[in-house]
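Before any comments, here is the structure.
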Amino acid sequence: MSTKRALITGITGQDGAYLAQLLLTKGYEVYGLSPRRSNNDSGATRLQWLGVDKDVQLIDGDLTDLSSLIRIMQQIQPDEVYNLGAQSFVKTSWDQPLLTGQVTGMGAANVLEAIRLICPQARFYQASTSEMYGLIQEPMQSETTPFYPRSPYAAAKLYAHWMTVNYRESFDLYACSGILFNHESPLRGLEFVTRKVTDGVARIKLGWETELRLGNIDAKRDWGHARDYVKAMWLMLQQETADDFVIATGRTTTVRDMCKIAFDCLGLEMEKHLVIDPAFFRPAEVDILLGNPEKAKQKLGWEPETSLESMIEEMVEADLQRLSSRS
């Protein structure tokens, strides 16, 4: 049996790094799309942190450049393609809506088109997001809940999601979307609220800072661990037929309560350090997200393994260790 080849866009991000690690343990040859826009090596650091940087092969290419994607498909002839690449920070999408549309939305269409033209036998995974639900239409969101995006990022992701469905139905590609609710880890970018909190708490513990400034701490999210969620991505591409799945924990928690877990980890009193700053409020807020993972549980046999409390503790400890090593 020949070794499977997987191509991951966004391999230098949180999910890409964990997915690369998972696929390597399963014996895959792992290739990663690497856009050369700068010399920033922060993504490579994630792969290094997991100890897999020497085991993946990075290939120059860009989601916005169809010709490069065609070249890569011809070169690799992948069995599986995971499109995790995106401009994925919601706040930035209001400042750069066109770039977000081109990378996050059209980028997915470019990958699908390259697969259709070169390797239509490949199985495709699209990283969809719970942000597409936005102004929620049902208390608990499932695969059949109507979408109502509330940011340029969510709108771009919705285009990518429906293009995945369209290519599956129009061209008989094995193309599926994972509608992933918030998932975090020590590899999460510092611009995201969970990592901002765990990094901030660690800085306060070390005496480097005295306050943590946040926006709407009453927003509720369904948080899981990225390490668990990439397993669901892989499982989706191992099924007999392609389908779309909500991946979530089924538990929603306020930002306020998530912060308290982080402060409690280090024996700090949240009320003494947390400051609400209107500058961090979104132009259009998504107040609550709560996913229904029942379909994934029944059809994929997938369930989250890491609790919110364990995940936040892991993140706080990782940030404290990282910052302490700089002292």
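The values are calculated or read from the model by the stated rules, or taken from the named source; none is laboratory data. The shown structure was predicted, so the numbers you read here are calculated from the model rather than taken from an experiment. All Cβ positions, even for glycine, are placed from backbone atoms using ideal geometry, and neighbour counts span all protein chains on display.
Before moving on, here are some points about what is shown:
- Identity of the residue in segment 250-282, among the small types (Gly, Ala, Ser) and farther than 30 Å from LYS299 by Cβ, that ends up nearest to the chain's Cα centre (by Cα): ALA262
- In the set (1) assigned to a loop (DSSP other than H, G, I, E, B); (2) more than 24 Å from GLN74 (Cα to Cα); (3) in contact (Cβ under 8 Å) with a residue 40 or more places away in the chain; (4) in contact with a helix residue (DSSP H, G or I) (Cβ under 8 Å, 6 or more places away or on another chain), PHE147 fails one condition alone, (3).
- Within segment 235-249, the set of residues being farther than 13 Å from PRO293 by Cα and either within 14 Å of the chain's Cα centre (by Cα) or of a type in the set (D, E, K, R) (or both) comprises GLU240, ASP243.
- Filter result for the condition that a residue is assigned to a strand (DSSP E or B) and in the same structural domain as ARG282 (by TED's automatic domain parsing), over ARG203, ARG213: ARG213
- Within segment 270-288, residues that are over 22 Å from ALA202 (Cβ atoms) sit with their Cβ atoms under 7 Å from residues that are modelled with pLDDT under 95 and polar (S, T, N, Q), at 6+ positions apart or across chains, in these pairs: PHE281/ASN216; ALA284/SER151; GLU285/ASN216.
- Selection of helices (runs of 4 or more DSSP H) fully inside segment 39-100 by the criterion of at least 1 residues being farther than 23 Å from ALA160 by Cβ and in contact (Cβ under 8 Å) with a residue 60 or more places away in the chain returns 42-49.
- Considering the conditions (1) in a loop (DSSP other than H, G, I, E, B); (2) in the same structural domain as ILE136 (by TED's automatic domain parsing); (3) touching a helix residue (DSSP H, G or I) at 6+ places or on another chain (Cβ under 9 Å), THR241 is excluded by exactly one of them, (3).
- Of residues in segment 14-36 being modelled with pLDDT under 95 and either closer than 20 Å to ARG188 by Cα or within 12 Å of the chain's Cα centre (by Cα) (or both), the one surrounded by the fewest Cβ atoms within 10 Å (Cβ to Cβ): PRO35
- Evaluated against (1) at positive phi; (2) surrounded by 24 or more Cβ atoms within 10 Å (Cβ to Cβ), GLY267 falls short on exactly one condition, (2).
- Every residue from segment 148-173 that is buried (at least 20 other Cβ atoms within 10 Å of the Cβ) and of a type in the set (D, E, K, R): ARG150, LYS157, ARG168
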